[in-house]
Amino acid sequence: MALTLTEREYEVINAIINGNTATKELAKMLAIKRKTAENHLYNIKQKTGVRKAGLPYWVKRNLEDVGSVE
């Protein structure tokens, strides 16, 4: 079964990879509420099985181009 991430989830992952690791920073950067950022992080964890701190490593192993959405 293929992993399906939303465009916004890819944006959150990109932000984390680029060093915006605090939920408050993510929310500000993406112009969303902190709770919404938390929900995106929760959904990413549910889909990938990876917590926020491990996302950069997970991306290197699993996604060639994190900016592409299918």
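The values are calculated or read from the model by the stated rules, or taken from the named source; none is laboratory data. What you are looking at is a predicted structure, and each value in this text was computed from that prediction instead of being measured. Heavy atoms of the whole protein, side chains included, go into the accessibility calculation; ligands, DNA and RNA do not. Shrake-Rupley method; radii C 1.70, N 1.55, O 1.52, S 1.80 Å.
Taking region 19-65, which residues are more than 11 Å from the chain's Cα centre (by Cα) and in a loop (DSSP other than H, G, I, E, B)?
19, 22, 31, 32, 33, 49, 63, 64, 65
Residues of region 4-18 being part of a loop (DSSP other than H, G, I, E, B) and either open to solvent by less than 30 Å² (accessible area, probe 1.4 Å) or modelled with pLDDT of 90 or more (or both), which ones?
5, 6
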